[in-house]
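Here the structure comes first, spelled out in structure tokens, and everything after it is commentary.
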Amino acid sequence: MAPRDLAALAALFADETRAAFLLALLDGRAWTAGELARHARVAPSTASEHLGKLVAGGVLAEERQGRHRYVRLADPGIAHLVEDLAARAEPAVKEPPRTLRAASSGQAMARGRTCYDHLAGRLGIAITEAMTVRGLLRQDTGFALTDRGVEWFGERGIALEARGRRPVARGCLDWTERKPHLAGIAGAALCRHALDSGWCVRIGSERAVKVTPDGERALQEALGIEPAILR
């Protein structure tokens, strides 16, 4: 990569409106231009201009269904980059929330959320640390599932389907906990299983998720995670 190419990529992130779009798209869904415009509180024409730059730069992928235009993050690597930048950009001294709603939303996001297609927040960290303690995951030489870890997924019917060059396990720096949580194919598969099996449910309009009573029992049985940690 030439220096100008790196500078061009960095410039795509160096705008507050585009940054708002990218953070919103970390929920893994496809959004319309109108939805993103309302989210970022900008005019539709402004949103379209910014989205055009992000699509042209390969940061977003575009999908069309009839008259509707949807965009999503181009791939898991972009999602990882956005989350990593968010973690590194988080101020050491945070401003207190201005409203009760903002405080509640922030607490829910910190407790548990999706990061593109895997689990983050205290929930994601608790799972990652429990898997490491039980020898299912190694972090000492980079993130990697052990043989026992692969068996653990198989025993629960959680398929680890290889997709392109995406690693099976990858550490993603958590922007609220400042620790790595499990991403990659394994992280995505576990997140899908948690939502499909009812271990977790989405709450609110952002990325927050809540562990259900069934999920608390399942995670305690499977990984020894105490329910109080997840609340």
Per the filter on segment 184-202, residues touching a residue at least 40 places away in the same chain (Cβ under 8 Å) and open to solvent by less than 50 Å² (accessible area, probe 1.4 Å) are GLY184, ALA186, GLY187, ALA188, LEU190, CYS191, ALA194, CYS200
When every residue in segment 163-202 that is small (Gly, Ala, Ser) and not in a loop (DSSP other than H, G, I, E, B) is compared, the one nearest to ARG29 (Cα to Cα) is ALA188
With criteria (1) more than 17 Å from the chain's Cα centre (by Cα); (2) part of a helix (DSSP H, G or I); (3) crowded, with 17+ Cβ neighbours inside 10 Å, ILE225 comes up short on (2)
Given the conditions (1) closer than 21 Å to TYR116 by Cα; (2) surrounded by fewer than 17 Cβ atoms within 10 Å (Cβ to Cβ), every one holds for ALA7 apart from (1)
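With ALA144, ALA159, ALA126, ALA130 as the choices, which residue is over 15 Å from the mean Cα position of the chain (by Cα) and either on the phi > 0 side of the Ramachandran plot or open to solvent by 50 Å² or more (accessible area, probe 1.4 Å) (or both)? Give the steps one after another, and end with the answer.
On the way: ALA144 fails: either on the phi > 0 side of the Ramachandran plot or open to solvent by 50 Å² or more (accessible area, probe 1.4 Å) (or both); ALA126 fails: either on the phi > 0 side of the Ramachandran plot or open to solvent by 50 Å² or more (accessible area, probe 1.4 Å) (or both); ALA130 fails: either on the phi > 0 side of the Ramachandran plot or open to solvent by 50 Å² or more (accessible area, probe 1.4 Å) (or both).
Step by step, each of ALA144, ALA159, ALA126, ALA130 is checked, and only ALA159 is over 15 Å from the mean Cα position of the chain (by Cα) and either on the phi > 0 side of the Ramachandran plot or open to solvent by 50 Å² or more (accessible area, probe 1.4 Å) (or both).
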Worksheet entry | Residue check for GLU216: crowded, with 17+ Cβ neighbours inside 10 Å, among the charged types (D, E, K, R), free of Cβ contacts under 8 Å to residues at least 40 places away in the same chain and under 18 Å from ARG113 (Cβ atoms) | yes
Scanning segment 63-83 for residues that are crowded, with 16+ Cβ neighbours inside 10 Å and among the acidic types (Asp, Glu) gives ASP75, GLU83
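From the list VAL71, VAL42, exactly one residue is modelled with pLDDT of 85 or more and over 23 Å from the mean Cα position of the chain (by Cα). Which is it?
Only one candidate qualifies: VAL42.
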(Q) Just to be sure before I move on: is LEU60 surrounded by 18 or more Cβ atoms within 10 Å (Cβ to Cβ), touching a Cys at 6+ places or on another chain (Cβ under 9 Å) and within 23 Å of HIS118 (Cβ to Cβ) in the structure I sent? (A) no
In segment 203-213, anything in contact (Cβ under 8 Å) with a residue 12 or more places away in the chain and either out of contact with any strand residue (DSSP E or B) (no Cβ under 9 Å at 6 or more places or on another chain) or in a helix (DSSP H, G or I) (or both) is listed as GLY204
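The values are calculated or read from the model by the stated rules, or taken from the named source; none is laboratory data. Please read these numbers as outputs of a predicted model, since none were measured by experiment. Positions of Cβ are generated from backbone atoms using ideal geometry, with glycine treated the same way; all protein chains shown enter the neighbour counts. Calculation scope for accessible area: heavy atoms of the full protein, side chains included, ligands and nucleic acids excluded. Shrake-Rupley method; radii C 1.70, N 1.55, O 1.52, S 1.80 Å.
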